[in-house]
Each structure stands twice: as C-alpha cells, then as structure tokens.
1. Name the residue, out of L279, L272, that is under 21 Å from I423 (Cα atoms), touching a residue at least 40 places away in the same chain (Cβ under 8 Å) and surrounded by fewer than 18 Cβ atoms within 10 Å (Cβ to Cβ).
2. Does region 448-459 contain any residue that is under 32 Å from the mean Cα position of the chain (by Cα) and more than 16 Å from the ligand (Cβ to nearest atom)?
3. Here is a check on your reading of the model: is A548 in contact (Cβ under 8 Å) with a residue 60 or more places away in the chain, over 22 Å from Q219 (Cβ atoms) and among the small types (G, A, S)?
4. For the structure I just gave you, tell me whether E415 is among the acidic types (D, E), more than 16 Å from the ligand (Cβ to nearest atom), outside any strand (DSSP E or B) and open to solvent by less than 50 Å² (accessible area, probe 1.4 Å).
5. Quick one: count up the residues across region 354-396 that are assigned to a loop (DSSP other than H, G, I, E, B) and among the aliphatic types (A, V, I, L, M).
6. Considering region 420-447 alone, what residues qualify as being open to solvent by less than 80 Å² (accessible area, probe 1.4 Å), out of contact with any Leu (no Cβ under 7 Å at 6 or more places or on another chain) and not in a loop (DSSP other than H, G, I, E, B)?
7. When the residues of region 519-552 are filtered to those that are in a helix (DSSP H, G or I) and within 16 Å of the ligand (Cβ to nearest atom), which remaining residue is most open to solvent (accessible area, probe 1.4 Å)?
8. State whether the residues of region 480-487 include one that is within 12 Å of the ligand (Cβ to nearest atom), among the hydrophobic types (A, V, I, L, M, F, W, C), outside any helix (DSSP H, G or I) and buried (at least 21 other Cβ atoms within 10 Å of the Cβ).
Amino acid sequence: MLFKTRTHTCGELRQDNIGQQVVLNGWVDTRRDLGGLIFIDLRDRYGLTQVVFEPSFDKEAHQFAAKLRTEFVVSVEGTVRKRPPETDNPKIPTGHIDVMVKKLVILNEAQTPPFPINDDNVNASEDLRLKYRYLDLRRPSVQNNMLLRHRMYQITRQYFDKQGFIEVETPVLMKSTPEGARDYLVPSRLHAGKFYALPQSPQTYKQLLMVAGMDRYFQIVKCFRDEDLRADRQPEFTQIDVEMSFIDQENIFGVVEGLMKILFMEIWNKELRIPIPRLSFDEAMEKYGSDKPDLRFNLEMKTLNGVFANTSFKVFQDQLKSKGTITGLLAPGCGEYTRNQLDVLTDFVKKIGAGGLIWMRVKPDGLDAPISKFLSDEEKKNLVETLGAKPGDLIFMITGPRLKAFSIMGSLRLEMARRLDLIKPDAEPKLLWVTDFPLLEWDEQTKRYYAMHHPFTSPRLEDVELMESDPGNVKARAYDLVLNGNEIAGGSIRIHNSELQAKMFKTLGISDEEADYKFGFLMNAFKYGAPPHGGIAFGFDRMVMLFAGESSIRDVIAFPKTASAVSLMDDCPSTVSEEQLKELHLKIK
Ligand code: ASP
C-alpha cells in the first residue's frame with residue numbers, strides 16, 4: 001500500500017507549525033462524527049493530535065472518513081491550523097492546533113477492541129488485558145511504564161560503565177545447581193536423560209568471572225525460578241547483577257548508593273542523602289518485625305521481656321522461661337476500638353500463626369484489659385512508660401519464639417499503618433540497608449539448616465568457629481537494600497576459599513559427593529587463585545514498579561505471566577507434539 005511516511009509524530013505539532021503541510025500516521029483514538037464535520041484524535045506513542053475532515057477541505061477525504069472506527073491505522077495529510085476556540089484544549093501539548101485533512105489513507109482496519117484503549121476507564125479485568133496485552137500496551141500509562149523501564153536500563157548501563165564495570169552475558173542453559181528455589185529444566189535432545197537448568201541467577205558464573213580476573217562485572221539479566229508465585233513474583237524476572245573483586249561491604253554499598261542517588265534524581269527529581277541508613281537484621285526484626293521494614297511511618301515495636309522479668313502472670317512467665325519474647329506495639333489513638341474491631345485483629349494475627357493477641361486500652365485511670373488483673377501496678381507503670389502510652393491509646397502484645405513473635409507483630413504493625421492511613425501517597429521514599437543477616441535458617445520440616453541468602457555467602461569471619469558448635473548464631477556478611485518496605489536488592493561478600501566453602505556445604509548437610517557433583521567446578525576454580533569478592537543483585541522489575549508508583553510488577557513488564565505462571569496471550573505453557581517429546585527422550589505419564 002502506498003502511503004506517505006509521517007513528517008511529524010502525533011505528539012509533536014504546536015502553534016509554530018500552523019500553516020505547514022504535514023503527514024501524520026497513527027491509530028484512531030476517538031472519533032466524533034457530526035455529519036458535516038468529523039473529528040478524529042490520532043494516537044501514537046508520542047501523543048494525540050486532532051485531525052478534522054470537512055467537505056470544504058477535501059470532499060473525498062471527508063466521505064472516506066465516515067468509514068473510520070477506533071483503532072483503524074491511518075495516514076493523513078493536511079494543513080496545520082489554529083484550533084477554533086470551542087475545541088481548544090490546553091490540557092494536551094498539541095491542544096491548540098489541529099490538522100485540516102486533504103488526504104486519508106486507511107493503512108489497516110481494526111476489529112472493535114475488547115476494551116477501550118485509554119487510561120480513564122479501565123474496567124476490563126486484568127486477565128482480559130493480559131490476553132490482549134498488545135492492545136493494553138497501547139495505553140499511554142503502560143507505555144509510560146515501558147519508557148521508564150527503558151530509561152532505568154540506560155541509566156544503569158551508563159552508570160556501571162562509568163564506574164569501570166563490564167557487562168558480560170552468562171549462559172541461559174546451565175547446570176542445575178539449586179540455589180534455594182526450584183529450577184526450570186530443559187531436556188537435552190543430544191544427551192538422552194540429561195537436562196539443562198535455567199539460571200535462578202548468574203551467581204556461580206559471576207563468581208567465576210571474578211576468578212577469571214574481570215574485577216568488576218554487571219549484567220541486566222533474566223533469571224528463572226519455578227516457585228509458587230506470590231502477588232509480586234514472576235517465573236522469569238530481571239536482575240541488575242553485580243560482582244566486584246578485592247572489596248568489602250563498604251565498597252559495594254558505595255557503588256549501589258551512587259546508582260540510587262542518580263535514579264532518585266533522574267526519575268523522581270529527589271536528592272537522595274547518602275550514606276543510606278543501616279539497621280542490623282536483629283534491630284530490624286526487633287523494632288519493625290521485618291527484615292524489610294517500611295520506615296515511611298514510625299510505629300516502633302518494643303521488647304517487653306525486661307518489664308515482665310519478674311512477673312507472676314503465667315503466660316509471660318512461660319514465654320520467658322522458654323527463651324521466648326514479649327513484644328509490644330502502641331497504636332496511638334486507638335483506645336476506643338470496639339470488642340468487635342479487636343476480635344478482627346485477633347483473627348488477623350492468629351491466621352498468621354499467633355497464639356493470640358493481648359490488648360489493653362489506656363484510660364486516664366489505668367489499663368482496661370482482660371489481663372489487667374494479672375499484672376502488678378509496677379508492671380503496668382513500666383509498660384506504659386516503655387511504650388510511651390497515653391490515655392486514648394491502645395497497646396498490643398504478642399508472645400512467642402523470638403523471630404516468630406516479632407514477625408507477627410511486624411505484620412500487625414503494617415496492618416495498623418494501613419488502618420490509620422499512616423502511609424501518605426506523597427510520603428518521602430525511605431531507603432535503608434539491612435545488614436548482618438543470620439547465615440543459616442532452620443527448617444522445622446526437614447530438620448536442617450538452609451542458607452538464608454545462598455550457600456556462597458561468607459560467614460562473618462569472627463563467627464566461623466561457631467559454624468559447628470552454634471550454627472544458628474553465625475552471622476553472614478550479607479545485606480539487603482530496602483525501599484519503602486520492599487527488598488529491592490540483596491547480596492553478600494562471598495566465600496572465596498575452597499575449604500571454607502566445603503565447611504559451608506557440610507553445615508548445610510550437603511555431602512562431599514553431592515557438593516562435588518553440583519558445585520565441584522566452583523570449588524575447583526577456588527583452588528586457582530580466587531580473589532576476595534562480593535556482590536549484589538537488584539530485583540529490577542520491583543524497582544521499576546516502585547519508581548513508577550505501581551503496585552504490581554506486571555504493570556512494568558511488557559509480557560508478564562499471571563499469578564499461576566501462565567501467559568494468557570500466547571497460551572503458554574502448552575502441550576507439544578509426540579514427535580518433539582520423542583526427540584527429547586520424554587514420555588508424559
Ligand atoms: N545471586 C543473588 C540473588 O539472586 C544475589 C547476590 O548474592 O548477588 O539473590
């Protein structure tokens with residue numbers, strides 16, 4: 001089909017262009033057919049321009065324009081004029097002009113889309129939008145998210161390049177070396193019964209690149225984890241992956257803070273003050289009940305073991321005896337909560353594993369609560385003082401094993417922030433480092449330790465001795481970067497010595513044979529002069545989501561999968577032919 005390519009985009013024309021002959025190409029966004037007069041808003045990635053058909057401009061074009069429907073693809077040629085006052089629209093950049101069309105070419109017709117392509121009334125279900133993602137992607141807000149993502153890639157690449165990092169691609173077909181999650185497997189055609197795995201992250205490769213002397217590596221890279229998906233997870237996701245040699249934690253923090261400073265300025269036009277504040281894992285858990293605390297509001301938890309050290313209240317006594325914790329949270333101004341409201345909150349904490357929720361209303365003449373009679377006056381006084389409670393406030397207490405009690409109270413803290421509307425939409429973003437994570441995590445079900453970060457993370461050197469005697473108390477040289485209650489990056493200083501790595505595998509209950517089979521290549525490499533090294537990886541999708549102010553990572557991924565790992569658009573995963581299975585030496589049971 002013959003058509004003239006555009007002279008301008010649909011977002012480009014201004015009053016300066018009045019009188020010019022122009023060609024625009026784009027989609028019909030809206031049309032108003034007033035009979036003698038047809039107005040079309042023409043849309044492309046750059047904006048909207050009103051174009052007008054009138055018999056006096058061109059009879060044929062005007063007649064032809066009656067055929068136009070939304071989402072038709074057209075090319076128009078005409079003259080730019082000042083809009084008549086009644087259609088002037090200062091809200092859009094092209095709103096003071098329109099184009100008097102002399103020639104119209106319909107480049108393609110379109111069926112009526114299953115939902116309107118605009119941002120104002122998106123009532124379509126997310127499933128429908130994902131099925132027609134290419135139409136959803138025409139919406140300006142989704143296009144803006146893609147644009148933002150693009151800018152963040154560019155800023156990232158420029159930044160790391162300037163800092164002397166080199167981008168190296170690592171394989172997508174690799175050996176299955178589980179890092180914590182389940183691998184996606186790819187059957188080998190050439191080697192019957194053998195499988196490649198898709199990388200959960202390029203962790204081992206980037207460490208090998210350090211052994212290879214690359215010194216400073218980064219990569220914007222796809223990672224794959226076959227997990228049951230939670231709200232903001234995807235089976236494939238993007239990391240900014242970073243590794244550095246001859247460094248310690250401070251060097252990594254410095255590089256990351258530099259990137260965050262630029263992103264804050266370029267994307268949000270905000271000056272980020274560095275160094276970014278730090279909290280140890282222990283502090284974060286104790287004060288906020290989370291290893292990714294949201295610091296946009298205060299509500300700080302207080303450990304009350306001291307207050308009740310000599311209590312005669314049995315529940316507390318039992319907890320203290322079994323090395324448990326009593327943690328308290330003050331809900332300011334909630335002293336009038338009804339029994340019903342308190343029951344709802346009790347159910348909330350019970351659902352996430354609490355035995356119960358202790359509450360106390362603070363009154364001018366004391367504490368009003370079912371357990372009040374079990375506490376001494378001294379205890380009540382200390383409790384009120386420790387929490388800084390005032391009449392009209394409400395006190396919550398939760399008891400249990402340390403981390404469990406903290407984390408349940410942490411969830412209640414977030415719930416109260418939501419109920420009290422403490423996170424304002426324009427709240428200053430809050431970044432922090434969480435440091436000194438435990439090296440290991442005990443799993444009650446399998447009765448063994450797992451690496452809290454991954455098995456290549458170095459213990460704190462002063463704790464190495466404890467790896468046998470008291471593994472649960474070994475701290476790691478691991479850190480997370482947290483933005484508004486979301487973990488956006490995590491990393492560690494690595495083990496770079498094959499003996500310590502072997503010791504780590506042993507602590508994890510991985511036999512020598514298994515370690516050798518799975519990680520022998522890495523341990524071997526460490527025997528040939530591995531430099532001290534460490535790194536970090538950013539969850540890029542989540543980071544873009546936060547910078548875009550969205551609440552789902554699907555909104556910042558061009559072709560995301562649903563929460564059940566399905567792509568509704570191309571209907572994947574899908575079955576394959578018998579022939580394909582045969583070639584891969586597979587049979588479906
Ligand atoms: N590979 C790690 C991860 O994906 C990040 C790191 O330790 O650098 O979580």
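The values are calculated or read from the model by the stated rules, or taken from the named source; none is laboratory data. No experiment lies behind these values; they were computed from the predicted model shown. Note that each Cβ is placed from the backbone with ideal geometry, even for glycine, and that neighbours are counted across all protein chains shown. Accessible surface areas use protein heavy atoms only, side chains included; no ligands, DNA or RNA. Shrake-Rupley method; radii C 1.70, N 1.55, O 1.52, S 1.80 Å.
1. L272
2. Yes, region 448-459 contains at least one residue that is under 32 Å from the mean Cα position of the chain (by Cα) and more than 16 Å from the ligand (Cβ to nearest atom).
3. So A548 passes the test.
4. For E415, the condition - among the acidic types (D, E), more than 16 Å from the ligand (Cβ to nearest atom), outside any strand (DSSP E or B) and open to solvent by less than 50 Å² (accessible area, probe 1.4 Å) - is met.
5. Residues meeting the conditions: 6.
6. Hits for region 420-447 are T435, P438, L440, D443.
7. R542
8. Checked against the condition, which is being within 12 Å of the ligand (Cβ to nearest atom), among the hydrophobic types (A, V, I, L, M, F, W, C), outside any helix (DSSP H, G or I) and buried (at least 21 other Cβ atoms within 10 Å of the Cβ), region 480-487 yields at least one hit.
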